[in-house]
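Report on one structure; see the data block that follows.
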Amino acid sequence: MTKLIRSWVESANAPDTDFPLNNLPYGVFSAGGSDPRCGVAIGDRILDAARMEADGLLECGGALQTGGWNAFMARGKPAWAKLRDALTKMLTEGSDRQDALRGYLVYQAEATLHMPFSVTEYTDFYAGRHHAFNVGTMFRGPDNALPPNWLHIPIGYNGRASSVVVSGTPVIRPNGQLKGPDDAMPRFGPSQRFDIELEIGAIVGQPSDGPIAVAEAFDNIFGYVLLNDWSARDIQAWEYQPLGPFQSKATATTISPWIVTAAALEPFRTSTPEREKPLLPYLAEPGPMLYDIALEVGLTPEGGVETVVSRTNYREMYYSAAQQLAHHSSSGCPMRVGDLLGSGTISGPTKDSRGSLLELSWGGKEPLTLEGGEIRGFVEDHDMLALRGAAMGDGYRVGFGSCTGEVLPARAVKG
Ligand code: MN
């Protein structure tokens, strides 16, 4: 386990900051009326990387002038390492660049955060063993909980890049076709079973135009974000056969505003769980490619206090993002810079480590009691949902910031 790298930005040395010098996550911010621009989180500040590049203090070929990190990702791994190395040197305690850099620091509290990159395409997986078992048990019973393909294929579906929004964006409860088991006909109206899914999103940073091996897939991943795959369970239950989720997952997908790079997570690599059935060789991991990232979900009702409703860890995934990306490319599917891959809901083995309300409330049958006494089966209007995550080092944490969204009432149904 590596130690905290001390910075002359004093707030970056606090044990509870998400953004020590070991992290250096990439985001897009605006402050004081500026256009959205590339920045790097350090302690309670943001380093204005775009202006530093414009002033000749960083060399990224103009990639930081684009209002997003796609152009920088496209420059490739040596460029990724070069920028991280330069920033680390300049921000380390005792650096002679301290006076030159002070004018490039902005308080996070005074900044607005935007989408850190342009999402090229979005794919979401179903790769958490406990989640798949829990949901399968509810839908089909424990004997048929896992579909026969599940232990062989990282199952996924193609989502909508247009639906991905940055943390803090309100989410409007969807309307959709609903049909309960006892209803003769479907009706159209607001989802009554609107839910979250606690996930981590992997960002593809290098293109590929044919099948790639798991090791190459791992190298092509630029970084990770927290991801909330908002899901309307009642719409999903009616629409999902035979082609999988469609409108139930198309309302919104919220991501955290900071891209935590694969480089920052390197000390926290861990293996996927033991295989229950041998994988085909093209999916075998040549080494540990998952990460140990502690995760939690907070729910705050309107005017109330937050209850942490789940605590789990990314290491619960059965398939790593590298395996998912390798599988995604296996048909020849081209992958692009800025492709976002959702991990699938991350649930642990215990009841309090489940990553969706569907599982936490067991389909609404065992509602949760929140601090303050309100009960929840699913998300109510004006609930604020917050995902948080951090890899825990020795005296420091490599954190993701928070990934929040408030649910607003559904639009009026016309006609
Ligand atoms: Mn999902």
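The values are calculated or read from the model by the stated rules, or taken from the named source; none is laboratory data. For clarity, every value in this text was computed on a predicted model and none was experimentally measured. Every residue, glycine as well, gets a Cβ built from its backbone with ideal geometry; the counts of neighbours run over all protein chains shown. Heads up: the accessible areas ignore ligands, DNA and RNA and are worked out on the full protein's heavy atoms, side chains in. Shrake-Rupley method; radii C 1.70, N 1.55, O 1.52, S 1.80 Å.
Points worth noting:
- Annotation: Cys403 carries an accessible surface of approximately 0 Å², with a 1.4 Å probe and no ligand, DNA or RNA atoms counted.
- Residues in region 275-288 carry Karplus couplings, in order, of 6, 7, 9, x, 7, 4, x, 5, 9, 5, 7, x, x, x Hz; the curve used is 6.51 cos²θ - 1.76 cosθ + 1.60 with θ = phi - 60°, and Gly or Pro positions show x.
- Straight-distance candidates among the lysines for linking to Lys351, with alpha-carbon spacing under 18 Å and chain neighbours fewer than 8 residues away dropped: Lys365.
- Hits among lysines - C-alpha to C-alpha of Lys249 under 20 Å, sequence gap 8 or more where chains match: Lys179
- Inter-label distance for Ala161 and His382, nm, one decimal - labels placed 7 Å from Cα along Cα-to-Cβ: 3.8
- The calculated P(r) of region 81-240, using every Cα pair and 10 Å bins from 0, goes 7, 24, 29, 21, 11, 6, 1, 0 in percent.
- Amide H partners (placed H, <5 Å) of Val164, local residues excluded: Thr253
- For the pair Thr120 and Lys77, a Förster radius of 25 Å applied to the C-beta separation gives a FRET efficiency near 0.85, rounded to the nearest 0.05.
- When nucleic acids and ligands are ignored and a 1.4 Å probe is applied, His327 ends up with an accessible area of around 40 Å².
- Top of Pro301, Pro349, Pro286 by mean-square fluctuation, Gaussian network on the chain, Cα under 10 Å: Pro286
- For the pair Asp143 and Ala412 in one chain, pulling the backbone fully straight at 0.36 nm per residue adds 92.7 nm over the alpha carbon distance.
- You can think of it this way: the chain between Ile375 and Glu93 has 96.7 nm of extra reach, that is 0.36 nm per residue less the Cα-Cα gap.
- The chain: most fluctuating residue of Lys277, Lys89, Lys351 per GNM, C-alpha cutoff 10 Å: Lys277
- Using θ = phi - 60° and Karplus 6.51 cos²θ - 1.76 cosθ + 1.60, couplings along region 24-37 (whole Hz; Gly, Pro as x): 6, x, 9, x, 10, 9, 9, 7, x, x, 6, 5, x, 9
- Leu295, Leu368, reordered so the largest accessible area comes first (probe 1.4 Å): Leu368, Leu295
- Inverse mean reciprocal Cα-Cα distance (Kirkwood Rh) of region 216-369, Å: 17.5
- Calculated Rg and Dmax of the chain using C-alpha coordinates, Å: 21.3, 74
- Each semi-axis of the equivalent ellipsoid for region 1-100 is √(5λ) with λ an eigenvalue of the Cα gyration tensor; in descending order they amount to 22, 16, 13 Å.
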